[in-house]
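Reviewing the structure listed below.
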Amino acid sequence: MDIAVVISGVADPKWPLPADTSIASLQTHLSKHAALSPFDEAALELSLALRDAHADIRVVALVAGDEALARRVAGWRPDTLCRIDLDAVPRWDGIAVSAALALALAQQAPDATLVIVGREFGDFDDGTVPAALAGQTGRIALPLVLGVRRTDAGNGGATFDVLRQGNGGLERVALAGPALLAATNDPGNRLRHPLMKNVMLAKKAAIDVWSAPAPAASDRVQLESIHTATEPVRTTACQWLEGSPAQQAHALADWLVAEAQA
C-alpha cells in the first residue's frame, strides 16, 4: 500500500526578506530558503508512523521545494522521493497549485490510498490547497487531522481510524477508501529526528525532479502587486499603572469604578 505525503515548506524565518519585495523576488526567496513547517512535519510523521506499524506500507514523498529541502526530507528515508518544481505555477493561486499537485500525484504516486498534506500548504496561510487537491483527485477530505491508524487486516480494502480536531472537541472517524488528510501539528505527531547515517546518505542521493507545467492564462489568478503592510494607528488611550502590585490593583479598581460611573 502506498501513502503519499506532499510537503511544501515555508520561507525559513532565519533568512531576512529581500529588500526588493516584488512578486518574483519573494517567490525566489521562498524557493531558495525553504524549511519544513509544523504542518509539513506533522504530515511526514503520520506517514512514517503508519509505515512503522505496517510492513506493506510504502511512503512516497513529493516535496514542492528546492533541492536542499528535498534532501532534508530524504533524511527520513521515504521509500520514494520526488522533488516537485512549481516555479511555473503562481503559488498564491490555490487552484493552480492543487491542479499541478494532482497531476504530480497521478504520475508519481498513482496507487496511493492516502494522501497526507499539511493543513496550510506553503506559507501564504490560506489553507485552500488541501481542500482543492481533494476535489481535484476525487478524494474524501478530512481536515485538522492529529493521528491515523490502519484498522484493516491487510487482506481487503484499506480502512483507517482517524483522530481529528472537530468543532466540539476531538473526533474519531472511521475511513475507508482513498482519502486526503490535512494534518495539523500536535504533541502526538511531533516529527522524530532522522538517523545521522540516513542524513549523510541523503546528501548523495539522486533526487528525481518533476516540473509542473504552467497553467493556461485563462485559468490563472493574476496577482498585480505586493505592498508593504502599514502599521495600524492606535486610537485607544492607554494608562500605565505604577507602584507595587497592591498599588496597581487599587489603581485598577479605581479606574474600573470610574468607568462604570461615566
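The values are calculated or read from the model by the stated rules, or taken from the named source; none is laboratory data. What you are looking at is a predicted structure, and each value in this text was computed from that prediction instead of being measured. Cβ placement follows ideal geometry from the backbone for every residue including glycine, while neighbour counts extend to all protein chains displayed.
Quick look at the values:
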item	result
Residue check for S22: buried (at least 20 other Cβ atoms within 10 Å of the Cβ) and either in contact with a Phe, Trp or Tyr (Cβ under 8 Å, 6 or more places away or on another chain) or not hydrophobic (A, V, I, L, M, F, W, C) (or both)	no
Any hit, the stretch 235-257, residues being modelled with pLDDT of 90 or more and surrounded by 14 or more Cβ atoms within 10 Å (Cβ to Cβ)	yes
Check on L81, among the hydrophobic types (A, V, I, L, M, F, W, C), part of a strand (DSSP E or B) and buried (at least 22 other Cβ atoms within 10 Å of the Cβ)	yes
Residue match in the stretch 197-213 (condition: more than 30 Å from S98 (Cβ to Cβ), at pLDDT below 90 and among the polar types (S, T, N, Q))	no
Options A64, A131: the member that is farther than 16 Å from A179 by Cβ and either of a type in the set (A, V, I, L, M, F, W, C) or in contact with a Phe, Trp or Tyr (Cβ under 8 Å, 6 or more places away or on another chain) (or both)	A64
Residue identified as within 22 Å of P78 (Cβ to Cβ) and among the basic types (K, R) among R172, R164, R150	R150
Enumerated strands (runs of 3 or more DSSP E) restricted to the stretch 169-262, each holding at least 2 residues that are farther than 22 Å from L146 by Cβ	208-211
One residue from R71, R58, R91, R51 being more than 23 Å from P178 (Cβ to Cβ) and over 16 Å from the mean Cα position of the chain (by Cα)	R71
Of the criteria (1) of a type outside the set (S, T, Y); (2) surrounded by 10 or more Cβ atoms within 10 Å (Cβ to Cβ); (3) closer than 26 Å to A88 by Cα; (4) at pLDDT 90 or above, which one G138 fails	(2)
Answer from V148, V129 - the residue that is under 21 Å from the mean Cα position of the chain (by Cα), modelled with pLDDT of 95 or more, surrounded by 13 or more Cβ atoms within 10 Å (Cβ to Cβ) and not basic (K, R)	V148
Residue within the stretch 8-25 that is polar (S, T, N, Q), within 25 Å of Q222 (Cα to Cα) and under 13 Å from the mean Cα position of the chain (by Cα) present	yes
Only one of G122, G156 that is surrounded by 20 or more Cβ atoms within 10 Å (Cβ to Cβ), small (G, A, S) and either closer than 19 Å to N185 by Cβ or at pLDDT below 95 (or both)	G122
The stretch 54-87: number of residues that are farther than 22 Å from P110 by Cβ, among the aliphatic types (A, V, I, L, M) and touching a strand residue (DSSP E or B) at 6+ places or on another chain (Cβ under 7 Å)	1
Answer residue from the stretch 167-177, given it is of a type outside the set (A, V, I, L, M, F, W, C) and modelled with pLDDT of 90 or more and is surrounded by the most Cβ atoms within 10 Å (Cβ to Cβ) among those	E171
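This table checks each residue for (1) in contact (Cβ under 8 Å) with a residue 12 or more places away in the chain; (2) acidic (D, E); (3) more than 30 Å from L26 (Cα to Cα).
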| residue | (1), (2), (3) |
| --- | --- |
| A217 | no, no, no |
| L223 | yes, no, no |
| A229 | no, no, no |
| T236 | no, no, yes |
| Q248 | no, no, yes |
| L252 | no, no, yes |
| W255 | yes, no, yes |
| A258 | no, no, yes |
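Here's the yes/no breakdown for (1) without any contact (Cβ under 8 Å) to a residue 40 or more places away in the chain; (2) under 20 Å from D12 (Cβ atoms):
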| site | (1), (2) |
| --- | --- |
| H33 | yes, yes |
| H54 | no, no |
| A61 | no, yes |
| I84 | no, yes |
| V89 | no, no |
| A102 | yes, no |
| I116 | no, no |
